[in-house]
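What follows is a short report on a single structure.
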Amino acid sequence: MKKLIVLFLPLLLLAQEEILIKVEGMHCPLCTTAVKKALKNVEGVEKVKTLLETKSATVLAKEGIEDKILLEAVKTTGYDGVIFSRHHVKD
């Protein structure tokens, strides 16, 4: 049984989620850069894509990352965020 747990542990650590955050108030490229940088500094976040056209940020992060932590990062840039969707990314 111990061998089985050891074999699957790395797979559990690699589970990821894609999280879409709507960001209120972004209006220029500097806004998107600030939001992207703040989210990238969150532990567990692996990739961030921001889009000015949709006023959103798409975050690829370790599964189970808390909404509160992501939204606090957005708030440090002066904007409010809302989690719009999240889904598991298949390995």
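Pick from the range 55-79 the residues that are touching a strand residue (DSSP E or B) at 6+ places or on another chain (Cβ under 8 Å) and hydroxyl-bearing (Ser, Thr, Tyr): which of them is nearest to residue 22 (Cα to Cα)?
56
Residues being of a type in the set (Gly, Ala, Ser) and on the phi > 0 side of the Ramachandran plot: count how many of those fall in the range 38-91.
3
Quick one: count up the residues across the range 37-91 that are of a type in the set (A, V, I, L, M, F, W, C), in contact (Cβ under 8 Å) with a residue 40 or more places away in the chain and closer than 15 Å to residue 25 by Cβ.
So the count comes out to 3.
Would you confirm whether or not the range 4-24 contains a residue that is modelled with pLDDT of 65 or more and over 25 Å from residue 66 (Cβ atoms)?
Within the range 4-24, not a single residue is modelled with pLDDT of 65 or more and over 25 Å from residue 66 (Cβ atoms).
Please go through the range 15-68 and pick out each residue that is of a type in the set (D, E, K, R) and part of a strand (DSSP E or B).
17, 18, 22, 24, 46, 47, 49, 62
The values are calculated or read from the model by the stated rules, or taken from the named source; none is laboratory data. In this text, all values refer to a predicted model and were calculated from it rather than measured experimentally. A quick note on method: Cβ atoms are made from the backbone with ideal geometry, for glycine too, and the neighbour counts reach across all protein chains shown.
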